[in-house]
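Student: Got a structure here, written out as structure tokens. Questions coming.
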Amino acid sequence: MNLAENLIPRPQHLATSGSAAFTLHASARIAASGGALASAGQLAALLRRATGYALPLVAEALPGDLVLEFTDMPDGGPEAYAVSVTAESVRLTATDPAGLFNAVQTLRQLFPAAVEGAAEGTGGTEPAWTVPAVEIADTPRLPYRGLMLDVARSFFTVAEVKQQIDTMSQFKLNALHLHLTDDQAWRIEIHNPAENPSGLDYSRLTSVGGQGAVDHPGVGLTPGHTGFYTQQDFREIVDYAATRNVLIVPEIDLPGHVNAALAALPQLNPDGRPRPMNTSGEVGYSTLDAANPLTYEFVREVLGQLAAITPGPYLHIGGDEALVTGHDNYVAMVREFAAIAAGLGKTVVGWNEYADVELPQGAVVQYWHGELAPAVRQAAENGARILMSPAANTYLDQKYDSASPIGLEWVEGGPFTWAEYYAWDPAQGGIGEEQLLGVEGPLWTETVRGNRQAAWLTYPRAISLAEVGWSRQEDRELQDFRRRLGTFGERLARQGVTFQEAPDVDWSAAPAPAFSDEPVPAEPQVRNN
Ligand code: TNX
């Protein structure tokens, strides 16, 4: 099978040409300059590791070289790219660095799967490093194709987050939403401001609030699964993600899901006393106090500091499951918090409950469950854009089947496999294509510890989502995707990425790496949806 037939996500235009394949030889070089050098360097690193070739970066190409360069692409957006392979050369072109990054991911899949391994690991049999002759012109359907990692219920170290960015970005997923705070924990350092008349001690958010996680009876709060990011750590994640065309979207969940903040800052509670930390998986019991002026001072300080370390356009303020807030208080607080975020120059994002509140122009509504109509109305009236995370098509925390050792199973219609996350159209319920910002798969982590477990729930379902977001609806086909998915198993296995070996997919090219070299958490106290 021609490897061009296996690409994920499926490109918009692909033609295999009659020309002979390109073969990468030890003498090959990579030609690039200026803004193309970053992607050229990444391609060089990947190919050097697999082939052991020198692959120097040079300014001018000769026959047999790989070329990365910028060109005009009148029809494409910032992520559009082209790949042209003949027997003589491989040319990757784009208008922007994001496009060249995407082109490299496509080229990577055009090489044999052995490209994902170290040279010495290939057992001495040198594969032929050939690439089929193709012409590809590609651009995404939707601008935002994301995953969400709940680092509040279970902490992930900076190194773990970087590893997840590496894995997701090969599928051209370009946004990682970090759910930084929740009832169980607060994960982002907030400095005490120089002027601090009310005396809120923000350092306690992490010294106290950072020490939680969802507890698992008999397993406990294992080290590495509690903790927090310093602002320096956060910048490190943002910078790393940017080199992989991934935008970081930070979330502070407000006005519910705030128990860790209420434990850290006693003045936020009506009685002025700290709440105890709570490591159960319970939801919906905590709220900020709309009548307390310190609530707004606190949110202004936190969002201000977060905005200052977030170069991307989005600031997520949560808004979900504020079950004990009271409607009027909810509206009063969310309106003010959204205005604060907008005042910081950010596009505010919130879960779809917040679409009941009048939102600033151009806000983003992240739909996860319930009625879609308020989100569609915000789009029509306030220019809102909709980010689709319907639980039954995107929730990566759900079990694959009742025997899954980890995962929740509260979402109606579940459990869910790769197919439910593939066979749907995000433009539904009256959402216009222009109003659709994109798709996102949230990985809530009440039952998850560490990257092996995270990856097992994430893959292959996130691969389905990547194609939903990238490829045009009319180009997507379940049976063909099933086939392509199966061929991808070997690449994930070589990368050391665990995945669920869905029984209806042919993974015979390679088994998945073991999932269970970390303890499987015992059932946490389960949410009551
Ligand atoms: C609902 S989805 C939540 C989270 C839970 C998740 C578990 C959403 C906006 N809120 O607090 O972790 O369900 O599936």
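Student: Does segment 381-406 hold any residues that are in contact (Cβ under 8 Å) with a residue 12 or more places away in the chain, among the hydrophobic types (A, V, I, L, M, F, W, C) and farther than 21 Å from VAL151 by Cα, and which are they?
Tutor: Once the filter is applied, which keeps residues that are in contact (Cβ under 8 Å) with a residue 12 or more places away in the chain, among the hydrophobic types (A, V, I, L, M, F, W, C) and farther than 21 Å from VAL151 by Cα, segment 381-406 yields ALA384, ILE386, ALA392.
Student: Every residue in segment 388-408 that is buried (at least 19 other Cβ atoms within 10 Å of the Cβ), within 12 Å of the ligand (Cβ to nearest atom) and outside any loop (DSSP other than H, G, I, E, B), please.
Tutor: Once the filter is applied, which keeps residues that are buried (at least 19 other Cβ atoms within 10 Å of the Cβ), within 12 Å of the ligand (Cβ to nearest atom) and outside any loop (DSSP other than H, G, I, E, B), segment 388-408 yields ALA391, THR394, GLN398, LEU408.
Student: I'd like to know if segment 342-357 contains one or more residues that are more than 30 Å from ASP425 (Cβ to Cβ) and either open to solvent by less than 60 Å² (accessible area, probe 1.4 Å) or among the β-branched types (Val, Ile, Thr) (or both).
Tutor: yes
Student: Confirm whether ARG461 is at pLDDT 95 or above, of a type in the set (D, E, K, R), over 21 Å from VAL497 (Cβ atoms) and outside the structural domain of ILE8 (by TED's automatic domain parsing).
Tutor: Criteria not met by ARG461.
Student: Do we have ALA339 as within 19 Å of PRO250 (Cα to Cα), open to solvent by 40 Å² or more (accessible area, probe 1.4 Å) and among the aliphatic types (A, V, I, L, M) here?
Tutor: Yes, satisfied.
Every residue, every condition in (1) touching an Asp or Glu at 6+ places or on another chain (Cβ under 7 Å); (2) within 28 Å of ALA363 (Cβ to Cβ); (3) within 16 Å of the ligand (Cβ to nearest atom), yes or no:
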position	(1), (2), (3)
TRP410	no, yes, yes
SER464	no, yes, no
ARG491	yes, no, no
GLY496	no, no, no
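Student: Does GLY117 meet the test of being at pLDDT below 95 and within 26 Å of the chain's Cα centre (by Cα)?
Tutor: yes
Student: Out of curiosity, is ASP253 under 25 Å from the mean Cα position of the chain (by Cα), open to solvent by less than 10 Å² (accessible area, probe 1.4 Å), within 15 Å of the ligand (Cβ to nearest atom) and under 24 Å from ILE165 (Cβ atoms)?
Tutor: yes
Student: Does ALA159 count as part of a helix (DSSP H, G or I) and open to solvent by 30 Å² or more (accessible area, probe 1.4 Å)?
Tutor: yes
Residue by residue, here is whether (1) farther than 30 Å from ASP75 by Cα; (2) without any contact (Cβ under 8 Å) to a residue 40 or more places away in the chain; (3) away from the ligand (no atom under 16 Å from the Cβ) holds:
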site: GLU135; (1), (2), (3): no, no, yes
site: PRO140; (1), (2), (3): no, no, yes
site: PRO143; (1), (2), (3): no, no, yes
site: LEU149; (1), (2), (3): yes, no, no
site: THR157; (1), (2), (3): yes, no, yes
site: VAL161; (1), (2), (3): yes, no, yes
site: PHE171; (1), (2), (3): no, no, yes
site: ALA175; (1), (2), (3): no, no, yes
site: LEU180; (1), (2), (3): yes, no, no
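Student: Moving on to the next point. Among the residues that make up segment 422-429, is at least one of them at negative phi, buried (at least 24 other Cβ atoms within 10 Å of the Cβ) and not basic (Lys, Arg)?
Tutor: yes
Student: Just to be sure before I move on: is TYR202 among the hydroxyl-bearing types (Ser, Thr, Tyr), within 24 Å of ALA466 (Cβ to Cβ) and either more than 16 Å from the ligand (Cβ to nearest atom) or surrounded by fewer than 24 Cβ atoms within 10 Å (Cβ to Cβ) (or both) in the structure I sent?
Tutor: When the stated conditions are applied, TYR202 does not pass them.
Student: What's the number of the only condition in (1) within 14 Å of the chain's Cα centre (by Cα); (2) within 16 Å of the ligand (Cβ to nearest atom); (3) open to solvent by less than 10 Å² (accessible area, probe 1.4 Å) that TRP444 fails to meet?
Tutor: If we test TRP444 against (1) within 14 Å of the chain's Cα centre (by Cα); (2) within 16 Å of the ligand (Cβ to nearest atom); (3) open to solvent by less than 10 Å² (accessible area, probe 1.4 Å), just (3) comes out false.
Student: Name the residues in segment 256-279 that are buried (at least 24 other Cβ atoms within 10 Å of the Cβ) and either within 16 Å of the ligand (Cβ to nearest atom) or under 27 Å from the mean Cα position of the chain (by Cα) (or both), would you?
Tutor: Within segment 256-279, GLY256, HIS257, VAL258, ASN259, ALA260, ALA261 qualify.
Student: Against the definition (within 15 Å of the ligand (Cβ to nearest atom) and of a type in the set (Asp, Glu)), how does ASP166 come out, yes or no?
Tutor: Here the answer is no, as ASP166 does not meet what is asked.
The values are calculated or read from the model by the stated rules, or taken from the named source; none is laboratory data. Keep in mind that this is a model prediction, so the values were computed, not measured. With ideal geometry, Cβ positions are generated from the backbone for all residues, glycine too; neighbour counts draw on all protein chains shown. Protein only, heavy atoms only, side chains kept; ligands, DNA and RNA dropped before computing areas. Shrake-Rupley method; radii C 1.70, N 1.55, O 1.52, S 1.80 Å.
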